[in-house]
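The values are calculated or read from the model by the stated rules, or taken from the named source; none is laboratory data. Every value quoted in this text rests on a predicted model; they were computed, and no experiment measured them. No Cβ is skipped: glycine too gets one built from the backbone with ideal geometry, and neighbour counts run over all protein chains shown. Note: areas computed on protein heavy atoms with side chains; ligands, DNA, RNA excluded. Shrake-Rupley method; radii C 1.70, N 1.55, O 1.52, S 1.80 Å.
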Amino acid sequence: MRKVYLLLLLIGCSTAVLAQKNGTIKGVAFDTISKQPVAMATISVLEKKDSSLVTFSMTDAAGRFELKGLANGEYRLLITHVNYHSSNTVFTISDAEKIKDFGSVAMADKAKVLSEVVVGNDAPPVTLIGDTVQYNAGSFRVQPNANVEQLLKKLPGVKVDKDGTVTAQGEKVNRVLVDGKEFFGNDPKIATRNLPADAVDKVQVYDKQSDQAQLTGFDDGNYEKTINLKLKKDKKKGLFGKIMAGAGDKERYEGRFNVNSFKGARQMSVIGMGNNTNAEGFSFMDILNFTGALNQMKQGMSGGGVNISMSADDAASYGMAMGGRNSGINTTAGGGVNYNNLIGEKLDLQSNYFYNRFNPESITRTLRQTTSGSLTNIDKSVVNTDNMNNTHRVNLNLLYQIDSMNSIRITPSFSYQKTKNRSRRDFSAERSDGSMVNAGFSNNESNNEGYTFRNDIIYRKKFQRKGRTFSLSLNSNLNKSDGDGSLESIINSYTNGNISKRDTLDQRSTSKGDLKGYTARAVYTEPLWKRTLLEFSAGKSNTTSTSEKITYNFNKNSGKYDAINAAQTNDFENIYGYTTAGFRMRKQGKKYNYSLGVNWQKAELEGKIITG
């Protein structure tokens, strides 16, 4: 009987809770001058007592709005739109009045109505300004000391994955800016995980047009989903930041800090971290990209450029968490400086330096028993790995605005990396009676050192006629790597307790690779008629790359490593160049864009491979 009473009590409580939150408001936002509905206005419901946000929505194309699930209480209805004066109404939800119909809510056009100026602090949680969705950060409550990533998780239409990848309106965000400028390069995670949420005033989400589209004013359909973090005014006048540190048993520690100093156009930030708890550092994208480039040079390349990539197995050798594959103890340390400023009236400087040290260590012990008929084998193995990766990165972005019609942008970047990888495996197999089947070990060591340098220079010119432009760009690449390695292995096979066979491998190897290349391109655009553009382009590119690996076996006669292993020795040289020219007509319609054109290209490829 008590169970029945308890069930009835729970049903009653649930019904009471549902009854408390079944209030509804609805209405239509209406322009009093044009007698037209106001679409995409922000509808916010605030607590009357403290103006805290309860819920919000936006009007549809017909200006209608409806919000449900309101509990009994006193509220304020705030309706805002970028082109209209705000509407503010107090209302109550009670048992006697669960549905509040506001009917047609008058909205006064700012451009047509001159009225008294009302100063207030109310701001809509979401505003649509042109093609930009703007979130008012103060309308979304987060925990004290939260970072920007935690703030983004609260925003409707924005999603943050476990690895920190940000998606907005269903598209991946590739760039996060701070007051319109880059923060430690192009990796969004450095900004979202190191800036405090309480420093942000507005979060703006928009599709950033390509540089060419911004130059010509002609939409070419190339966009990059971008988030811009507008800081609060008080954060641009002093110093702010965050320091966190902790320690535990087994000599575990973790700490990180960020210090920011913004004043006007000057932005300066310093970040640092260190841990041996397998917590992710700031970003491993530079390690992935740089190592991939070095691997391409060592393996030999074709075509006119470097396809930067890295396999999951390669990444696992560096102890990176890819697809949840992360083991052992990872010791990570890193830090950097970001500095942006306007120098004089014409030079815009954006710069950053970053250092990352990554040291994963692991010990893996395996014991496996296999049975086949009456035979039982016991396999044992111990694998020790100790890898070290040190990376330095410097990025500069210089924009010199010669005048309103001419500009030059120079963006050099330099990365240096040094790696040391060590792996030892000891193994044995024995029968159930204790007799040995085989036993042995293998030692594998490799050291690599190298750098990558890239520089882009682009000159842009606008003419008086809109859409008539000229640009000239030069891209140059330099990559170089040197490495050495050793492999030692002994496998003993046993018969009747004695060694019946021994396989040995004792090698030393050296490797080196380099790449030198440039690409020059000129583009001229001419407007034909409204929404139609004619584009002429010409370019030339040349890339030379070499890759060499020499492997030596140990020579018992001389006692030296001077016996070349032909199967694992190669020398590769590749020269690729092309000349291209063409033109196309681009049409921008209201519902579609299209382009028609002709392109001519002459390419030359010369390669040489030497093996053995």
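First check a/c for segment 323-384, with a ≥ b ≥ c the square roots of the eigenvalues of its C-alpha gyration tensor; if it is under 1.5, answer rounded, and if not, answer prolate when a/b is larger than b/c or oblate otherwise. Prolate, because a/c is 1.5 or more and a/b exceeds b/c. Taking Cα pairs under 8 Å and at least six residues apart, what relative contact order does segment 485-575 come out at, in percent? It rounds to 24 percent for segment 485-575.
Of all aspartates and glutamates in the structure, the ones whose alpha carbon falls short of 17 Å from that of Lys346, not counting any fewer than 8 places away in one chain, are Asp403.
Close amide-amide hydrogen proximity is noted between Arg252 and no other residue 5 or more places distant or on a separate chain, at a cut-off under 5 Å (H modeled in the peptide plane; Pro and chain starts excluded).
Taking label points 7 Å from Cα along the Cα-to-Cβ direction, Lys159 and Lys35 give a separation of 4.5 nm. Full extension of the chain between Lys556 and Thr167 yields a length gain of 134.0 nm, computed as 0.36 nm times the residue separation minus the alpha carbon distance. Solvent exposure of segment 573-612 amounts to 79 Å² per residue of accessible area, where only protein heavy atoms count and the probe is 1.4 Å.
Most tightly packed first, judged by the mean number of other beta-carbon atoms within 10 Å of their residues, the peptides 191-202, 421-432, 551-562 read 191-202, 421-432, 551-562.
With protein chains left intact and a 1.4 Å probe, residues in segment 220-268 average 65 Å² of accessible area per residue. Fully extending the segment from Gln588 to Val437, taken as 0.36 nm per residue of separation minus the present Cα-Cα distance, adds 46.9 nm. Amide H contacts under 5 Å for Val38: Ala29, Phe30, Asp31, restricted to partners 5 or more places along the chain or on a different chain, H placed in the peptide plane at 1.01 Å from N. Note on Leu528 and Asp179: their simple-model spin labels are 4.5 nm apart, each label 7 Å out from Cα toward Cβ. Classify segment 465-504 as rounded, prolate or oblate, taking a ≥ b ≥ c as the square roots of the eigenvalues of its Cα gyration tensor: rounded when a/c is under 1.5, otherwise prolate if a/b is larger than b/c and oblate if not. Prolate, since a/c reaches 1.5 and a/b exceeds b/c.
Under 16 Å from the Cα of Lys501, which aspartates and glutamates turn up, not counting those fewer than eight places away in the same chain? Leaving aside aspartates and glutamates fewer than 8 places away in the same chain, those within reach of Lys501 are Glu430. Sorting 444-456, 36-48 by their mean Cβ neighbour count within 10 Å, with the most densely packed peptide first, gives 36-48, 444-456. In the structure shown, the pairs Lys49/Lys242; Lys530/Lys591; Lys162/Lys189; Lys172/Lys233 are assessed against 22 Å; a Cα-Cα span above that value is assigned to Lys49/Lys242; Lys172/Lys233. Only protein atoms count toward the accessible area here, which uses a 1.4 Å probe; on segment 352-469, the carbon and sulfur part of that area reaches 52 percent. Taking 15 Å as the straight-line reach from the Cα of Lys420, the aspartates and glutamates in range (excluding those fewer than 8 positions away in the same chain) are Asp314, Glu361, Asp386, Glu445, Glu449, Asp482, Asp484.
Extending 7 Å from the Cα toward the beta-carbon at both Asp514 and Asn447 defines two label points whose distance is 2.1 nm. Placing +1 on each Lys and Arg Cβ and -1 on each Asp and Glu Cβ, with no other charges, gives segment 400-450 a dipole about its Cα centre of roughly 80 debye. When the charge dipole of segment 343-406 is built from unit charges on Cβ atoms (+1 for Lys and Arg, -1 for Asp and Glu) and taken about the Cα centre, the candidate among Ile378, Phe354, Thr391 whose Cα reaches farthest toward its positive end is Ile378.
Put simply, the amide H of Lys225, placed in the peptide plane, has neighbours under 5 Å in Asn174, Lys208, leaving out anything fewer than 5 places away on its chain.
With every protein chain present, what is the per residue accessible area of segment 332-406 (1.4 Å probe, Å²)?
55 Å²
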